[in-house]
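The values are calculated or read from the model by the stated rules, or taken from the named source; none is laboratory data. Quick caveat, the model's predicted, so the values are computed rather than measured. Here Cβ is always computed from backbone atoms with ideal geometry, including for glycine, and neighbour counts include all displayed protein chains. The protein model used for the area step is the full one, side chains on, heavy atoms only, and it has no ligands, DNA or RNA in it. Shrake-Rupley method; radii C 1.70, N 1.55, O 1.52, S 1.80 Å.
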Amino acid sequence: MRFVTKNEAVKRSFLEDLKREGIKFDLNERLSYESFVGYVLEGTLEEIRAQIDVIEGADREALMEGFTSFKESLNHILEHIKVGEKFEVLLNEGPWVAEILDQLTRNGAIDYQDGVIKLKEGVDVTKLRFEFKFPFNLVHSPETAEKIAKQFAFADLTMEYEFEILELDINKINALGKIAARYFPEELLLKVYFALIGRSILAGEILKSLGNEKIEESELVKAFMRASPIAIPTEKGTLVINYSPKALEEVLRFLKRLGYVDIKAGKVKKLRDLV
């Protein structure tokens with residue numbers, strides 16, 4: 001149950017929020033990458049629009065939709081930086097912000113001071129030159145499309161930050177949900193949230209079943225597999241928790257890691273309950 005980001009600003013802010021709420025986690029950092037293979041059109045916004053109108057061998061409709069989205073994103077950022085905005089705040093909008101800021105920087109259109117980015121006075125955005133990139137699968141005739149568009153490949157070696165959530169406390173998991181909603185898409189958030197809730201409930205049931213006795217791990221696994229899946233009624237519906245024997249064993253390892261159980265000679269003993 002983990003959240004992953006390649007955004008340094010998101011990593012720092014999310015890290016501080018987790019610490020502030022006292023939520024247990026491990027942070028793992030590793031080398032990763034972002035890559036893009038496709039084509040690029042260069043020029044002012046009007047020039048790029050004109051190139052899309054005449055390009056052959058590519059899906060013009062899809063290109064125009066992408067270009068419209070690019071302009072909307074650009075205008076959104078411009079609204080922020082006309083009055084000045086903190087760099088970290090902008091990056092929280094999404095990874096696409098870095099690309100637009102990079103293009104504005106290469107145009108010499110922005111000032112950066114004390115962590116705040118501001119559009120320079122007198123800059124005419126219609127005169128700036130941009131790069132509009134689109135994926136190779138929008139081109140069905142490369143030889144024809146390449147009369148206007150240039151091939152473009154991009155590989156960015158970057159760091160990836162993985163937050164492994166170690167929390168079993170339901171209240172802390174609920175607090176995590178509110179925090180993570182500020183940084184991650186709703187679909188991902190809901191999946192991780194209910195996985196954490198499911199693990200917490202399963203862990204609690206395991207500890208209840210142990211009582212004060214040492215139980216053979218294999219017998220414990222068999223008993224819980226017979227009870228699988230676990231259905232939990234709620235006010236809004238039902239939460240169903242399904243698990244494989246391997247997943248159940250991993251939950252036991254997790255409980256041992258956090259000091260809730262001891263596992264020796266194939267037997268499981270409870271050391272403490274969930275608080």
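Identify the residue in the stretch 36-52 that is of a type outside the set (Val, Ile, Thr) and open to solvent by 60 Å² or more (accessible area, probe 1.4 Å) and, among all such residues, is nearest to the chain's Cα centre (by Cα).
Glu42
So that you can scan it fast, the table gives a plain yes or no per residue for (1) closer than 29 Å to Lys118 by Cα; (2) more than 21 Å from the chain's Cα centre (by Cα):
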{"site": "Lys11", "(1), (2)": "yes, no"}
{"site": "Glu16", "(1), (2)": "yes, no"}
{"site": "Ile23", "(1), (2)": "no, no"}
{"site": "Arg30", "(1), (2)": "no, no"}
{"site": "Glu34", "(1), (2)": "yes, no"}
{"site": "Val54", "(1), (2)": "no, yes"}
{"site": "Ala58", "(1), (2)": "no, yes"}
{"site": "Glu65", "(1), (2)": "yes, yes"}
Self-check item: Output for the stretch 2-31, where each listed residue is open to solvent by 50 Å² or more (accessible area, probe 1.4 Å) and not in a strand (DSSP E or B)
Solution: Lys6, Glu8, Arg12, Glu16, Lys19, Arg20, Glu21, Lys24
Exercise. Say whether the condition of being modelled with pLDDT of 90 or more and either closer than 19 Å to Asp156 by Cβ or assigned to a strand (DSSP E or B) (or both) is met by at least one residue in the stretch 79-91.
Key: no
Quiz item: Out of all the residues in the stretch 140-168, which are open to solvent by less than 50 Å² (accessible area, probe 1.4 Å) and part of a loop (DSSP other than H, G, I, E, B)?
Solution: Ser141, Ala149, Leu166, Glu167, Leu168
Quiz item: Where residues in the stretch 112-128 are under 23 Å from Val10 (Cα atoms) and modelled with pLDDT of 90 or more, which of them is least open to solvent (accessible area, probe 1.4 Å)?
Solution: Ile117
Exercise. Please state which of the following conditions Arg20 fails to meet, knowing it meets all the rest: (1) free of Cβ contacts under 8 Å to residues at least 60 places away in the same chain; (2) not assigned by the TED database to the domain that holds Tyr193.
Key: (2)
